[in-house]
Amino acid sequence: MTSRMTWMAGVLLVAALPALTACGTTKAGSAGNTTPTAAGSPDPVASGSARHDRLFPDVAARCAQKAAEASADPQDGGANGGANGGTNDGTNDGANDGASGGESSRELPMDPEARKYAENHAYKTQDTLSAENRCRADAHGARIKAALTGVGKAAPRGEAELAASLKELGYSVTGNEVYRSGGALGFALFIPEAGPCVTGRWTAGGGLTVEGHGVYMEGGCLEPKGGH
């Protein structure tokens, strides 16, 4: 009898062990686990803007002033000034030339022919710019134009000379950012760290037109060719 009771006690003790060992423990992935969450990760957009501002403090200061003016008195057109910081100094010369697709409404027209045309040229659609990005684009456009066309400055003689000048200003030129089309030199730059795009081209008369705009729907700052 005694051996039988000892055997039964052993069985009961073994059965109770899982419950005893589980008491006070926390399984991986349970509420007690302190795994880092995405909420603590840095905002990539804000981080990019901060890096941009360190690279181009003159642009950062200009747009900060525009934003402050717009906030101080939004009724006097300051908001538009902040969004179009470079419009009055010769930048964004080609922003309204129609051919680029620009930032016009993306709603398709009701007229069948106009609708077909819009669909066939949708590849030229550009990203819409916020007021902050508009100011940044225009400020960079003004900066580039002043450096390349200032007093005593002659137009670059070729792609290599233009690329070198843009690199000196702090812009990345690694591929097709500089080009020649129809005999005219041009460039299409993505502003380092934050965007958006600034493109420019020398006209037949020797002048430089500059435009700040969003990235094209198909990607990149260079106007895509083709369609259907």
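Note on the range 120-226: Cα Rg divided by 2.2 N^0.38 Å, N the number of residues, gives 1.04.
Considering only Cα-Cα distances, which of the following residue pairs are longer than 29 Å: K167/K225; K145/K225; K124/K153?
Pairs exceeding the cut-off: K124/K153.
Modelled label positions at V215 and A184, each set 7 Å beyond Cα in the direction of Cβ, lie 2.7 nm from each other.
Every read-out reported here was derived from the displayed coordinates using simple, explicitly stated rules and does not represent laboratory data. If you're wondering where the values come from, they're calculated on a predicted model, not measured in any experiment. Every residue, glycine among them, receives a Cβ derived from its backbone with ideal geometry; neighbour counts consider all protein chains shown.
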